[in-house]
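Engineer: I'd like to ask you about the structure that follows.
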Amino acid sequence: MKKSNYHVLGIMSGTSLDGIDIAQLWFTVSAKGDWSYKIGAAETVPYIEAMRLELKQAITWSRESIDGLNERYTKQLAQKISKFIKKNEIHNLDAVCSHGHTILHQPENGLTLQIGNLPNISEILKQKVVCDFRVQDVLLGGQGAPLVPIGDQLLFSDYDYCLNLGGFANLSTNNNNARIAYDICPVNVVLNQLCESLGLPFDDEGKIARNGNVDAVVLEKLNELSFYHTVPPKSLGLEWVKENILPVLQQSNLSKEDAIATFTAHAAWQIASQCKEYKSLLVTGGGAYNTYLLERIANHKNLALVLPVTKLLEYKEALIFGLLGVLKLRDENNCLSSVTGAHHDHSSGKIYEFINT
């Protein structure tokens, strides 16, 4: 008989490179299959600058260099998780459920790579680890992303839409009794890079964008990119940003402030265009603190934007990767073909057992 209560850690590192999100989680499933959750201790552990730069640059590295980074990253990740467990006096975990960090995402080429998912992570942690959730989906013909929508379906179905604003914006909703979801556009992966050139880590509350000028010509060029006119399932990676977004901004000769304003306008337009009016929208992720971006979205569409309590706003992805791990432990589907385009729903991820000898 399957358990009904689970105590796990959920671990997430996003493309915006803010750091590693770690959350202590409890999940309960009723006899009817209804899920509930509780978030306990939660923390975002920032990267040291050297590692952050390596993660940012690794997309251009050789496979041998990436393999070396994978070894180092797995060890550092495990050390940070161990420190979190000790600091918060956490005991009796069913598993550590970890996304890892995406280095390559080219589903059209049958390729996706998340580092930090090497088997030795369970030995370092002395815990059962569930990880590497995307590879199987790509092998089954899917995009390998987004994976969060199974959690939206099981935990947040009261909302018409679930929007995550991280490195990329992705949306999840029900359509004809099937959950669909997809990446909409880049957000913080572009905005943070532009802000870094001004000596700032991010655009606090969108203040730079608010005071900048939107260039209509550049905005139109961004909105005309072919990705925005293709139908889901679809997903984005850093490769696409480097090939499509950055050249438009670099060739425009806009000031950094105006580039930030223009790209914020672009993201707001693309996000709003995917939503129907008078619907509820649960907004999470670091971009939810960009009040100017939210204002611009609301200017385009009459939506009920809902910002949840801080722990859920900041740790929703860690929460749902914890849930993905629990579903894998139960051998239940955690990837939806209606979302990723895979040949069928499936239970994705790898389980590394720690054997205490």
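Engineer: Could you pull out every one of the aspartates and glutamates with an alpha carbon less than 16 Å from that of Lys328, ignoring same-chain neighbours closer than 8 positions?
Structural biologist: By straight Cα distance, Lys328 reaches Asp94, Asp132, Asp137, Asp345, Glu353.
Engineer: Compactness ratio of the stretch 42-163: Cα Rg over 2.2 N^0.38 Å, N = residue count?
Structural biologist: Its radius of gyration relative to the 2.2 N^0.38 Å reference: 1.17.
Engineer: How charged is the neighbourhood of Ile103? Take every other residue with its Cβ under 12 Å from the Cβ of Ile103, and add Lys/Arg as +1 and Asp/Glu as -1.
Structural biologist: 0
Engineer: Here are some pairs, Lys32/Lys311; Lys207/Lys242; Lys75/Lys126; Lys2/Lys350; Lys86/Lys128; Lys80/Lys126; which of them have Cα atoms lying more than 21 Å apart in this structure?
Structural biologist: Lys32/Lys311; Lys207/Lys242
Engineer: Name the residue from Gly166, Gly100, Tyr289 whose Cα lies farthest towards the positive end of the charge dipole of the chain, charges +1 on Cβ of Lys and Arg and -1 on Cβ of Asp and Glu.
Structural biologist: Gly100
Engineer: Still on this structure, please answer the following. About the Cα centre, and with charges only on the beta carbon of Lys, Arg (+1) and Asp, Glu (-1), how big is the dipole of the stretch 102-228? Nearest 20 debye, please.
Structural biologist: Approximately 340 debye in magnitude.
Engineer: I've got another one for you. Where Lys and Arg each count +1 and Asp and Glu each count -1, what net charge lies around Thr264 among other residues with Cβ under 14 Å from its Cβ?
Structural biologist: Neighbour charge sum, excluding Thr264 itself: -3.
Engineer: Go through the stretch 253-323 and name the GluC sites (Glu not before Pro) that are in a DSSP coil and have 15 or fewer other Cβ atoms within 10 Å of their Cβ.
Structural biologist: Glu277
Engineer: Taking Cα centroids, how far is the stretch 271-323 from the stretch 200-242 in Å?
Structural biologist: 17 Å
Engineer: For the stretch 139-297, which whole-number percentage of the solvent-accessible area (1.4 Å probe, protein heavy atoms only) is attributable to carbon and sulfur atoms?
Structural biologist: 48 percent
Engineer: Under a point spin-label approximation (7 Å from Cα along Cα-to-Cβ), what is the Leu53-Ser30 distance to one decimal in nm?
Structural biologist: In this crude spin-label approximation the distance works out to 5.4 nm.
Engineer: Evaluate the charge dipole of the stretch 48-128 about its Cα centre and quote only its size in Debye, nearest 20, assuming +1 on the Cβ of each Lys and Arg and -1 on the Cβ of each Asp and Glu.
Structural biologist: 340 debye
Engineer: Next question, about the same structure. Based on Cβ point charges of +1 for Lys and Arg and -1 for Asp and Glu, what charge dipole magnitude is obtained for the chain about its Cα centre, in debye rounded to the nearest 20?
Structural biologist: 800 debye
Engineer: At most 12 other Cβ atoms within 10 Å and a DSSP loop assignment: could you name the chymotrypsin sites (Phe, Trp or Tyr not before Pro) in the stretch 274-338 that fit?
Structural biologist: Tyr278
Engineer: Now a separate question. Using r as the Cβ-Cβ distance of Lys38 and Asn333, and R0 as 25 Å, what FRET efficiency do you calculate, to the nearest 0.05?
Structural biologist: 0.60
Engineer: Tell me, in nm to one decimal, what length is gained between Ser280 and Ser4 on full extension, where the rule is 0.36 nm per residue of separation less the Cα-Cα distance?
Structural biologist: Additional length available on full extension: 96.3 nm.
Engineer: Now a separate question. Say each of Glu353 and Ser273 gets a label point 7 Å from the Cα, pointing the same way as Cα to Cβ; how far apart are those two points in nm?
Structural biologist: So the label points at Glu353 and Ser273 sit 5.1 nm apart.
Engineer: In addition: Probe of 1.4 angstrom, ligands and nucleic acids ignored: what's the accessible area per residue over the chain, in square angstrom?
Structural biologist: Ligands and nucleic acids excluded, the figure is 44 Å² per residue.
Engineer: If the convex hull of the alpha-carbon atoms of the stretch 281-354 is projected onto planes in all directions, what is the mean projected area in square nanometres?
Structural biologist: Directional mean of the projected Cα hull area for the stretch 281-354 stands at 7.1 nm².
Engineer: How much accessible area does Leu236 have with a 1.4 Å probe, in Å² rounded to the nearest 10?
Structural biologist: 10 Å²
Engineer: Shifting gears a bit: For the stretch 213-357, what class follows from the C-alpha gyration tensor (a ≥ b ≥ c being the square roots of its eigenvalues): rounded when a/c is under 1.5, otherwise prolate if a/b is larger than b/c, else oblate?
Structural biologist: The shape class here is prolate.
The values are calculated or read from the model by the stated rules, or taken from the named source; none is laboratory data. Because the structure is predicted, anything quoted here is derived from the model rather than measured. Here Cβ is always computed from backbone atoms with ideal geometry, including for glycine, and neighbour counts include all displayed protein chains. When the accessible area is computed, the model is the full protein with side chains, heavy atoms only, and any ligands, DNA or RNA have been set aside. Shrake-Rupley method; radii C 1.70, N 1.55, O 1.52, S 1.80 Å.
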